Amino acid sequence: MKKILFIVLISSLLSAYDFGKIPQIRAKDITFGKPMMIMVGKTHCIWCKSMAPQLKEIKEEYPNTLIFYINSDYDPKWTMKHRILELPVQIFYNEKGEEIDRHIGYINKDGILELLEKNGVLRR
């Protein structure tokens, strides 16, 4: 019985993080050259999980928009270096790799689209 509950729990946690075609990357693998948004989250962050379906929808509707996901559990040094104290965080970069905007906390799909457009990341 315990084994079944464990499997159900793990399955629900994994399915809650379905970002679709948004790659989860390590900070060392980031290459700049085009404007992008990096969503920074954590394994047990309820707000990060709740944003996953919205980001997945955006990526499906705008497949050329560069959005990446970094799990702060796997990149704690990068997280500290970028002064990330609260999660989730959406960081916007220009093509030179310079941070141009940041949003801290949960944001709905319309809000994300507005920020992507404002920061030149949204690609139709």
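Worth a mention:
Matching residues to (1) in contact with a helix residue (DSSP H, G or I) (Cβ under 8 Å, 6 or more places away or on another chain); (2) closer than 18 Å to residue 104 by Cβ:
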position	(1), (2)
23	no, no
40	yes, yes
49	yes, yes
58	yes, no
63	no, no
78	yes, yes
87	yes, yes
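- Region 23-53 - residue that is surrounded by fewer than 16 Cβ atoms within 10 Å (Cβ to Cβ) and among the small types (Gly, Ala, Ser) and, of those, nearest to the chain's Cα centre (by Cα): 50
- Scope region 75-99; condition surrounded by 14 or more Cβ atoms within 10 Å (Cβ to Cβ) and either in contact with a Pro (Cβ under 8 Å, 6 or more places away or on another chain) or of a type in the set (Phe, Trp, Tyr) (or both); matching residues: 78, 92, 93, 94
- For region 82-108, the set of residues classified as among the aromatic types (Phe, Trp, Tyr) and under 19 Å from residue 28 (Cβ atoms) consists of 93 only.
- Matching residues, region 18-39, being outside any loop (DSSP other than H, G, I, E, B) and over 17 Å from residue 73 (Cβ atoms): 36, 37
Since every read-out is calculated from the coordinates, none of them should be taken as a lab result. As the structure is a computational prediction, the values presented were derived from the model and not from experiment. Backbone-built Cβ (ideal geometry, glycine too); neighbour counts: all protein chains shown.
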